[in-house]
Every structure is written in structure tokens, then in C-alpha cells.
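Reading through the C-alpha cells given below for one structure.
The values are calculated or read from the model by the stated rules, or taken from the named source; none is laboratory data. Since this is a predicted model, take the numbers as computed values, not measurements. Neighbour counts are summed over all protein chains in view; Cβ atoms, including those assigned to glycine, are modelled from backbone coordinates with ideal geometry. Note: areas computed on protein heavy atoms with side chains; ligands, DNA, RNA excluded. Shrake-Rupley method; radii C 1.70, N 1.55, O 1.52, S 1.80 Å.
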Amino acid sequence: MEFKQWYMEYKIHKNRPGLLGDIASLLGMLEVNILTINGVENRTRGMLLQTNDDEKIEILGRMLEKVDNITVLKLREPKLVDILAVRHGRYIERDSDDRKTFRFTRDELGMLVDFLGEVFKREGNQLIGLRGMPRVGKTESIIAGSVCSNKRWTFVSSTLLRQTVRSQLSEEEMTPNNIFIIDGIVSTIRSNEKHHALLHEIMAMPSTKVIEHPDIFVKESSFEYSDFDYIIELRNTPDEEISYEKFTMGYDDF
């Protein structure tokens with residue numbers, strides 16, 4: 001059987017000396033490797049484990065049920081949020097009603113870039129929406145995430161360097177391995193028929209597309225929220241309101 005990763009998270013009721021050592025010794029006797037370990041919010045600890053025997057994980061779970069000082073909260077194949085929780089020491093905030101919506105603030109850009117980098121590594125069709133006010137770091141985070149995933153990025157539309165509205169891409173750019181960056185406002189309000197044709201061609205490709213301002217993109221196009229795999233919200237502060245009125249007003253004149 002090939003090696004497989006598992007995520008274990010447990011809550012500490014009494015952090016006595018030697019507790020971590022006892023758990024590590026138990027894992028060692030079962031020949032379960034610890035790949036990463038970190039505290040995850042308050043008195044909770046997370047571990048990324050590796051073993052080539054699933055039964056050992058079942059045995060581990062049953063044995064740890066008998067340990068009074070801890071309670072195992074999660075013992076499962078790792079999700080993306082688990083991997084990032086171990087790396088950064090906390091879970092990404094998610095919308096309680098829409099579980100595909102993830103929230104970040106500007107002081108968490110490192111975690112956002114890491115999140116995007118892991119998502120961008122996946123092959124096939126992905127549609128990601130990125131909400132946020134101007135100059136909060138949306139485009140920069142997408143580019144940094146592309147670098148982390150060792151992928152090239154292509155601007156289809158953007159306001160980062162003046163006004164970018166592409167009507168055609170080179171053969172080298174039109175590859176599914178690229179990350180396509182699309183400004184939802186520019187592509188729907190400040191574009192032409194040639195750009196629309198290119199946009200629909202790109203949207204049909206088995207590649208990763210990132211839409212800045214997804215709410216405007218949905219409002220002004222035939223695409224729907226259900227088409228998105230992830231919606232990311234980036235704010236300067238946790239209580240900042242993301243409002244499009246101020247920075248869409250100028251586009252109505254075109």
C-alpha cells in the first residue's frame with residue numbers, strides 16, 4: 001500500500017509535561033510519521049501524518065479515545081483548510097451559510113497567497129471569485145499565488161497597469177496551464193465584442209480562471225454564482241464593507 005497523508009487535530013484539556021512526547025511515542029510505535037505539527041488556535045494542536053497502513057490510523061483513533069488529557073476533534077484525510085491550519089496555526093474564516101466563501105484581511109496576505117498557491121496547483125477547470133475594494137491586494141495576491149504554484153499568469157482584463165482589455169492572446173498564452181486573471185468590471189462594462197468572444201473561449205477552457213469583482217461579473221454576464229468553485233473576500237479590516245458603487249460609477253460613461 002502506498003503512503004497516504006492524514007490530518008489529526010486534538011484539543012488539550014490538561015497540558016501536562018510530556019503529553020506531546022507520549023503522543024509522539026505512540027505514533028512512533030505504530031510507525032506513523034509526523035510530517036508537520038503546530039498549535040491550531042488556543043489549546044488545540046494539529047498534525048499532518050503519513051502512513052502506508054490505514055488500519056494503523058483506526059487503531060490510533062481508538063487508543064487516543066482512552067487518553068483523558070485530550071479529545072481528538074478530527075482524524076481524516078487532509079483537506080486544504082487542514083494543511084493551511086497546520087502551516088499557519090489557525091483556520092481560514094469561512095462563511096457559515098456559503099461554505100465555499102473564504103474571508104481574509106490584508107494582514108493575512110501570506111495565508112491568502114498560500115491558499116491560492118495550493119488551489120492553483122490543481123489541474124482542470126476552476127473558477128475563483130475574488131471580492132475586495134481597490135488597492136487591497138487582490139491582483140498582487142493572485143500573481144504571488146501563481147508563482148507559488150509554479151504557474152504562469154495571463155491578464156485578460158485588468159486595471160493594474162492602466163486599462164487592459166485583451167481581444168486576442170498568443171498561442172503560448174492560450175494554454176490550460178496558465179492562470180487567467182479577469183477583472184469582472186472591465187470585462188463586462190468596459191469591453192468590446194472581440195473581448196467577449198475571447199472571454200467565452202477562455203471560460204470554456206479546462207483551466208483556472210480568477211475573476212476579480214465576481215458580483216459585477218455575474219450581474220453583467222450569463223454566468224452564475226453556482227459556476228464558482230471558490231469565492232474569496234479580501235478586506236483591509238474585518239469589518240470593512242465591500243461596496244461597488246464608488247468604483248463602478250466611472251465605468252458607466254463608456
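Ligands, DNA and RNA left out, the accessible area of the chain computed with a 1.4 Å probe is 47% carbon and sulfur. Against the empirical 2.2 N^0.38 Å (N residues), the chain has a Cα radius of gyration ratio of 1.22. For the chain, the solvent-accessible area with a 1.4 angstrom probe is 53 square angstrom per residue. Once the Cα-Cα distance is subtracted from the 0.36 nm per residue extended length, the His196 to Arg135 segment shows a gain of 19.4 nm.
Stretched out straight at 0.36 nm per residue, the stretch from Arg106 to Glu2 would grow longer than its current Cα-Cα span by 33.5 nm. Would you look at the GNM of the chain, springs on alpha carbons closer than 10 Å, and say which of Met111, Met63, Met47 moves the most? Highest fluctuation among the options: Met63.
Applying a threshold of 24 Å to the alpha-carbon distances of Lys79/Lys219; Lys121/Lys219; Lys100/Lys121 flags Lys79/Lys219; Lys121/Lys219 as lying beyond it. What is the helix-to-structure angle for 109-120, meaning the angle in degrees between its Cα long axis and the longest Cα principal axis of the chain, kept from 0 to 90 and rounded to the nearest 10? Once rounded, one gets 80 degrees.
With 10 Å bins beginning at zero, the pair-distance distribution over Cα atoms of the stretch 2-83 amounts to 18, 58, 23, 1 %. Computed from the Cβ-Cβ distance with R0 of 35 Å, the FRET efficiency linking Glu93 to Lys219 stands at 0.90. For His13, the solvent-accessible surface with a 1.4 Å probe is about 100 Å², rounded to the nearest 10.
May I ask you to list the lysines whose Cα is less than 20 Å away from that of Lys14, ignoring any residue fewer than eight positions away on the same chain? Of all the lysines, those that pass the test against Lys14 - Cα under 20 Å, at least 8 places apart if same chain - are Lys66, Lys74.
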